[in-house]
């Protein structure tokens, strides 16, 4: 009996997610358990009163509502901006497409302080855009005053996040067949109606999947909200948790508030899981990429495509280019005027003796590259094995998915406290430091890699694996010969995200390695802390370049795997 | 049943690992000729004063120093406290005066009347019991971009800064998320007292272009020319003079006086190597002063220290203001809440 229902392989599928779960448990859940447990501890022992107070306080509720509001609005704006781009990327082939895809990871790898700076250098009152407009039209005052308001928060969040949605949705879209749309056209539906009633609902799984990431990002946003928003009227949960944990040093209250925050986001994730599963089952699956039209057919289409490309390029390239431009500036004269200079790059590549922290920049670059490569190579298979288990129906798989997403819902301040517990307990040399940093980066990358692999995996009919098993292939063979090749594209994208996230990570690296390991963001952070902003921009530019190269290479690899 | 078994397994793993974590790694304390020094991260890196000082000290005295980078001041205190039964460190470097109450409460430090205290001005010796000894200090101040603001517009006092002519010209920092931001909050309380400080902030609200989460963002916006005035330290221009050879950015001295932040070093009462630890503290307060001041961009406490010429651009205030640690400890949370209420309106 057992032989027939494939029960003999149950153990295999159950064991699959074990390595991923173990990493998450040790580096994330156990420390989190300790940090959060302080919410229930007082000098007299166990108490519920603190949690009760947090959960019912009007102040907490108000902050929560604002946090949710700005995150929802930012996500919506990101989706609206991203969809046309996803359409272009998925349906047309044009020159520079790979370059655009590569650009999409850039906001990701830059530490948020540099994102804020890049934004200000470009959009600021004294920024490039305003200076250009003021010179061209001989204006007295800067014409574009969008920063330091609620609008600026949404704008910056959109800049930061729409590329993720564009990337994830377009790669899903590319693999969707056009049969339903064609049928609709044949039956006389107009293009707009077809899109609204057929394409959009079919895209929903990927849109929701990407939006969840973006929402959680904005929910936990910190520097962007305070600096660009303009002040304390825009207080989010993260700011309040930071205040309680670090400034008021009330770890119990901080734990209690983050517990509240985690519960709210977990509810959202559960809702998301439900909708995701429902939607995924209805989608037909195609293994081939549809043939792409060369370019838009009508003149109007061409103009619109061009306008959109120009606008988004300006939007996304502006702040990035600002960082690059700044990195070539150095003041060398008494008057303080800045001029073009390779000074920071000469110091970075040790052609010239580095001033201050610049001395450790090259070491940091090699460290970052090594760590990020290892993280990408390990995280992808681990997330893949988790996805295999999560794809199955049932309570256990839902919990595992929630578990895999959990690192994204927890405030970085609280995660930082967790790392602190780890680094205090596990002492050792530099090699242990490296191991811990790699593991911590994996914890951060797993949710992203899962989010790229899962929608593709869910779309794949179970019948593929079932027929393979029926035909006598074992589960390992089925996994490696059937499922893995079909998921190659998603795995490459996921690996790229893991690489980029690891390249840009700072908190875990600083805490866990006790500053014995320098990475690019760590040196950048120190340069900024000691007044050298241009040097930090130079390192940021190198970070941008490295990630763009890796991404273009991975896009090429994907292209080949699709047989194009 | 199987389902439940899984959950029990998870619980068991949680319990076992919590036991492992609670046990932790136990290292034996230092041997006779070695002392262990905990310092905050920025002190220990290649860029900080730590490594150079340690090399010099070891060469001079033959005492080995194990310098451990132990997070920030709060984390160091927690760390020392958690090791109370199994002490590792002998000296802790980098507890600031406004944090002192926490250190006193934990009762970790032993008084040490260092002979070098004679060369340290009284206003810097914030701890009369000499458990925490000052080794450097700084003053919060507003720095001006002389190319963006004509000199006749330079504000001369905190009060003058509230003038509407500075609308959107000042970059402030949030006291909830930054120690520099907290410095200004305390500065206003020192100048105006608890009754009046909020009216200063109310008046300043219009003048602040933005209130950033940390010093880095504020100063970055400042050097990008977004606003001509920024909250920082009196010593900030030193970097620009030393590395960029420019005097474009200058410190403004205010007539009310300036809030002071003092960093201190303490001898742990649990130390088994007190003589050597004391030698290290003496060294910090004398020979190491110049290195500390330049690397940390702070003032030396020892009045005999000769500073490089760039420090001429870091004028010392006539009047140093400070609040005692106990008052801060008692009221800080309330002040932050009041501040948030006023500034959110």
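Read-outs throughout are calculated quantities, based only on the coordinates presented, and are distinct from any laboratory measurement. Computed from a prediction, not measured in an experiment: that's the story for all the values here. Positions of Cβ are backbone-derived with ideal geometry, glycine not excepted, and every protein chain shown enters the neighbour counts.
Which residue, B:60, B:202, B:272, tops the fluctuation ranking in a GNM of chain B built on C-alpha contacts under 10 Å? Greatest mean-square fluctuation among the candidates belongs to B:60.
If I take every Cα pair under 8 Å that is 6 or more residues apart in chain A, average their sequence separation and divide by the length, what percent do I get for the relative contact order? If you can, show how the numbers build up before the last one.
Values: 734 pairs, mean separation 132.1, N = 564.
RCO, chain A: 23 percent.
Under the criterion of Cα pairs below 8 Å and six or more residues apart, the relative contact order for segment A:442-564 equals 27 percent. Mean partner shielding of peptide A:229-239, defined as the number of other chain Cβ atoms within 10 Å of each residue Cβ, is 5. Where the alpha-carbon atoms of the protein assembly as shown are placed on the principal axes, they occupy 91, 71, 57 Å, in descending order. Highest mean first, the peptides A:315-324, A:446-455 sorted by other C-beta atoms within 10 Å per residue fall in the order A:446-455, A:315-324.
Students often check this: by mean Cβ neighbours within 10 Å, which of B:154-163, A:373-382, A:482-491 ranks highest, and how do the rest follow? Walk me through the intermediate numbers first.
Working: B:154-163: 16.2, A:373-382: 21.1, A:482-491: 18.7.
The densest-packed peptide leads the list: A:373-382, A:482-491, B:154-163.
For chain B, take the longest principal axis of its alpha carbons; what is the angle in degrees between that and the long axis of helix B:274-285, to the nearest 10 within 0 to 90? With rounding to tens, the tilt is 20 degrees.
Ordering B:301, A:81 by the number of other Cβ atoms within 10 Å of each residue's own Cβ, fewest first, gives A:81, B:301. Counting, for every residue in B:241-252, the Cβ atoms of other protein chains within 10 Å of its Cβ and taking the mean gives 4. Residue order for A:537, B:44, fewest other beta carbons within 10 angstrom first, comes to B:44, A:537. Compared with the dominant Cα axis of chain B, that is its longest principal axis, helix B:325-344 is turned about 50°. When the helices of the protein assembly as shown are scored as -39500 (n - 2.57) per DSSP H run of n ≥ 4 and the total is divided over every residue, the value at 222 nm lands at -19000 deg cm²/dmol. Give the angle, between 0 and 90 degrees and rounded to the nearest 10, that separates the Cα long axis of helix B:50-61 from the longest principal axis of the Cα atoms of chain B. Tilt relative to chain B: about 60 degrees. Computed from the Cβ-Cβ distance with R0 of 25 Å, the FRET efficiency linking residue A:138 to residue B:147 stands at 0.75.
Counting every other Cβ atom within 10 Å of each residue's Cβ, A:550, A:227 order from fewest to most as A:550, A:227. Mean per-residue shielding of peptide A:417-424 is 3, counting Cβ atoms of other chains within 10 Å of each Cβ.
What is segment A:359-424 by shape, rounded, prolate or oblate, if you read a ≥ b ≥ c off the alpha carbon gyration tensor as root eigenvalues and call it rounded for a/c under 1.5, prolate for a/b larger than b/c, and oblate otherwise? Don't skip to the end; give the middle numbers.
Working: a/c = 3.70, a/b = 1.60, b/c = 2.32.
Cα axes put segment A:359-424 in the oblate bin.
Using the Cα gyration tensor of chain B, with a ≥ b ≥ c the square roots of its eigenvalues, what is the shape: rounded (a/c below 1.5), prolate (a/b larger than b/c) or oblate (neither)? Because a/c hits 1.5 or more and a/b fails to exceed b/c, chain B counts as oblate. Please work out whether segment A:20-177 counts as rounded, prolate or oblate from its C-alpha gyration tensor, where a ≥ b ≥ c are the square roots of the eigenvalues and a/c under 1.5 means rounded, while otherwise a/b larger than b/c means prolate and anything else oblate? Oblate, since a/c reaches 1.5 and b/c is not below a/b.
Which FRET efficiency value, to the nearest 0.05, is calculated for residue A:59 and residue B:168 with the Förster distance at 22 angstrom and r the Cβ-Cβ distance?
On the way: r = 29 Å, r/R0 = 1.31.
After rounding to 0.05, the efficiency reads 0.15.
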